[in-house]
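Participant: One structure coming up, written as structure tokens, with questions to follow.
The values are calculated or read from the model by the stated rules, or taken from the named source; none is laboratory data. Since this is a predicted model, take the numbers as computed values, not measurements. A quick note on method: Cβ atoms are made from the backbone with ideal geometry, for glycine too, and the neighbour counts reach across all protein chains shown. The area values use the complete protein model at the heavy-atom level, side chains included, leaving out ligands, DNA and RNA. Shrake-Rupley method; radii C 1.70, N 1.55, O 1.52, S 1.80 Å.
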Amino acid sequence: MSDRDAERLDFVAQAGWTGAALAPLAGDASLRRYVRLAHPQLGPAMLMDAPPETGEDCRPFVATNSWLEAQGYSAPRLLHADLGRGFVLMEDLGDGLFADLMRTGSPDTERELYDAAIHLLADLHGRTPPSSLPVAGAQAWPLTPYGMEALLTETALLPDWFYRYQTGAALGGDARAEFDALWQAVLPHALPQTPVFVHRDYHAENLIWLADRTGHGRVGLIDHQDALAGHPAYDLISLIEDARRSVPPALAAHLTDLYCTVRKADDPAFDEAPFRLAMAVLAAQRNTKIVGIFARLALRDGKPKYLGLIPHVWTMLERDLTHPALAGLKRWTDTVFPPELRIPR
């Protein structure tokens, strides 16, 4: 038994869950681990294991989760936490991942789930989040702006990591400078007048269907610890341009129309034209970032399994770049990353 295993069991005992069976879940792209608990009297629970020595921090999860719960959404109820050691015990929302239900269900099931996710998202974007979120027993967690600096840093992942993965060299000189300048010219369209709570990973792998609940409570929310205050179009793009699954274009168009319809009904000041322009910019921005992240996971972190998703993300990015506002970035991309350089080696 490792020292971390012993710490985990000690935390479970402190939480009052001695005797629970522990079943680790498959790992994700982060260094966090999740363990499902089954107790003969207390029932199921989920344990987040985020070792601080690896750079992980439970505070943003606890802060964002508590705020989402306070708004009436189905974020998992927190049962016990040790922030210093990096453990959080929480409600287990079950196995109803949207992605799994869509994989085995009918197109009607897919549309029902996505429609519910859209209605929740529109409701969430009608609320103004605070600049900082309280954390029980710790300093409040800032809800950092998702502004120009953060967006530019993310786009840089494509030339800094995917180009290096493909060629073994760093991209420099005029091409690198032009890339930054092109993004600086279009990203102002993605800066909101009124920032909203941006989940940042609002997609079918992070939404859980809770059929026994009602209204927005039917959509369980997880993996929201990277939330920022930014443009509402970002999470809509996360949902309809999913890196892990293909959303039919007709369904994506329906979901976009539904979101705009609900937002306009709730807020007459909602302006659809600039929102759709922001969607176009953030779609390209997000997919640019994801290609770079998947290359970094392979090259730096030894996690090559995400390379298989890159062709799908490139397909979406190619489509995103056909928007007239992104003509310069399309020209740059076609020059620096010709088709043969877009398929991971």
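Results for (1) under 17 Å from Trp209 (Cβ atoms); (2) in contact (Cβ under 8 Å) with a residue 60 or more places away in the chain; (3) touching a helix residue (DSSP H, G or I) at 6+ places or on another chain (Cβ under 9 Å); (4) assigned to a loop (DSSP other than H, G, I, E, B), shown as yes or no for each residue.
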{"site": "Gln41", "(1), (2), (3), (4)": "no, no, no, yes"}
{"site": "Glu69", "(1), (2), (3), (4)": "no, no, no, no"}
{"site": "Gly72", "(1), (2), (3), (4)": "no, yes, yes, yes"}
{"site": "Leu89", "(1), (2), (3), (4)": "no, yes, yes, no"}
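Participant: Residues being of a type outside the set (D, E, K, R) and either surrounded by fewer than 14 Cβ atoms within 10 Å (Cβ to Cβ) or in a helix (DSSP H, G or I) (or both): count how many of those fall in segment 92-104.
Facilitator: 5
Participant: Are any residues in segment 150-190 open to solvent by less than 30 Å² (accessible area, probe 1.4 Å) and polar (S, T, N, Q), and if so, which ones?
Facilitator: Within segment 150-190, Thr155, Gln166 meet the criteria.
Participant: How many of the residues in segment 31-69 are open to solvent by 30 Å² or more (accessible area, probe 1.4 Å), within 30 Å of Thr128 (Cα to Cα) and hydrophobic (A, V, I, L, M, F, W, C)?
Facilitator: 0
Participant: Would it be correct to say that Arg286 is of a type in the set (D, E, K, R), modelled with pLDDT of 95 or more, assigned to a helix (DSSP H, G or I) and open to solvent by less than 50 Å² (accessible area, probe 1.4 Å)?
Facilitator: When the stated conditions are applied, Arg286 passes them.
Participant: Next question. Select from segment 123-149 the residues that are hydrophobic (A, V, I, L, M, F, W, C) and open to solvent by less than 60 Å² (accessible area, probe 1.4 Å) and write down the one among them that is nearest to Gly84 (Cα to Cα).
Facilitator: Residue satisfying both the conditions and the ranking: Ala138.
Participant: Could you list, in sequence order, all residues of segment 323-335 that are of a type outside the set (Phe, Trp, Tyr) and either out of contact with any helix residue (DSSP H, G or I) (no Cβ under 7 Å at 6 or more places or on another chain) or surrounded by 17 or more Cβ atoms within 10 Å (Cβ to Cβ) (or both)?
Facilitator: Listed by number, the residues that qualify are His323, Pro324, Leu326, Ala327, Leu329, Lys330, Arg331, Thr333, Asp334, Thr335.
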